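Heads up: the structure comes next, in C-alpha cells.
The values are calculated or read from the model by the stated rules, or taken from the named source; none is laboratory data. These figures come from a predicted structure and were not determined experimentally. Reconstructed Cβ throughout: ideal geometry from the backbone, glycine too, with neighbour counts over all protein chains shown. Accessible surface areas use protein heavy atoms only, side chains included; no ligands, DNA or RNA. Shrake-Rupley method; radii C 1.70, N 1.55, O 1.52, S 1.80 Å.
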Amino acid sequence: MVIAVLAVQGAFAEHEKMLGRLGISFVELRKKEDLLQKYDGIVLPGGESTVQGKLLKELDMFDTLKQQIQDGMPVLATCAGLILLAESIENDDREYFKTLPVTVKRNAYGRQLGSFYVEQEFKGIGVIPMTFIRAPYIESVSEGVEILAKEKEHIVAVRYENQLAMSFHPELDEDEQIHKYFVEIVQEYSIK
Ligand code: GLN
C-alpha cells in the first residue's frame, strides 16, 4: 500500500510522520507528474484552502485529482482538506472539488480564538484527541453522509463512501487511530 500526500502547502509533513509511524509507504504530490505515480489513497492536509486550491489549479493538478476522487480513490481530508472536498462553502464563493455532499463554514470558530483542543467521541473508535486550528465545521450533510463526530452541536467528522473528512488535525496528536481507520478504508477499496 502506498498513500499519496498532497504536499503543495500546509501540514503535510505531520501526516507523513504519522504514516511513517504506522509503517505505511507514502509519496508526495507536488506537481502534475506526481499524479501519475501508483498509489492507493490520498491525504489532503490542513493549511489554507484558498492557497491550496489556487496552487492546484495553477499547477494543473486540480482536474486529475478531482477525477481520482470521483473514481473512488480513498481520501483522508483534514481541515483545509475538508473545505476542498465540500460541495458548498457557506461563507465563501470559491469552489473546489465538490465531491463531498456537505456544506461547510470556514473559520467557523472565529479567527483569533479559533484554536482549541478537546477529547471527544469518534464513532467506531471512542474518545480521541481533537486539535482545531481556525477550523471549519460542517453545517449540514446530504443523505448518505455518515456523521462520525460532533463538537458540541457542530458536526466535525464525516464519511461518505471513499471520503473521510474532519475539521480537526489528527496528525498533530499522538493518537494514531484516525490514520489506522483510513488505512482500513484504503484496504477495503483496494480489494474491491
Ligand atoms: N482556515 C483554513 C482555511 O479556511 C483552514 C485551517 C486549517 O487547515 N488548519 O482554509
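Points to keep in mind about this one:
- Here is the figure for segment 133-153: residues that are assigned to a strand (DSSP E or B) and either open to solvent by 30 Å² or more (accessible area, probe 1.4 Å) or closer than 24 Å to residue 69 by Cβ (or both) total 10.
Here is a yes/no grid of residues against (1) more than 16 Å from the chain's Cα centre (by Cα); (2) without any contact (Cβ under 8 Å) to a residue 12 or more places away in the chain; (3) open to solvent by 20 Å² or more (accessible area, probe 1.4 Å):
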| site | (1), (2), (3) |
| --- | --- |
| 94 | yes, no, yes |
| 123 | yes, no, yes |
| 128 | yes, no, no |
| 172 | no, no, yes |
| 176 | no, no, yes |
| 182 | no, no, no |
| 185 | no, no, no |
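- With respect to the conditions (1) of a type outside the set (Ser, Thr, Tyr); (2) closer than 23 Å to residue 157 by Cβ; (3) surrounded by fewer than 24 Cβ atoms within 10 Å (Cβ to Cβ); (4) near the ligand (Cβ under 10 Å from one of its atoms), residue 80 lacks only one, and its number is (3).
- Across segment 154-192, the number of residues qualifying as part of a loop (DSSP other than H, G, I, E, B) and closer than 22 Å to residue 71 by Cα comes to 4.
- Qualifying residues in segment 1-22 (those that are touching a Leu at 6+ places or on another chain (Cβ under 7 Å) and without any contact (Cβ under 8 Å) to a residue 40 or more places away in the chain) - the one surrounded by the fewest Cβ atoms within 10 Å (Cβ to Cβ): 7
- Counting the residues of segment 96-121 that are touching a residue at least 24 places away in the same chain (Cβ under 8 Å), within 26 Å of residue 177 (Cβ to Cβ) and of a type in the set (Ser, Thr, Tyr) gives 2.
- Check on residue 58, open to solvent by 20 Å² or more (accessible area, probe 1.4 Å) and within 16 Å of the chain's Cα centre (by Cα): no
- Test: residue in segment 64-78 that is touching a residue at least 24 places away in the same chain (Cβ under 8 Å), out of contact with any strand residue (DSSP E or B) (no Cβ under 7 Å at 6 or more places or on another chain) and among the aliphatic types (A, V, I, L, M): yes
- Selected residue [closer than 19 Å to residue 15 by Cα and more than 11 Å from the ligand (Cβ to nearest atom)] from 74, 101: 74
- Restricting the search to helices (runs of 4 or more DSSP H) fully inside segment 1-100 and requiring at least 2 residues that are modelled with pLDDT under 95 gives an empty result.
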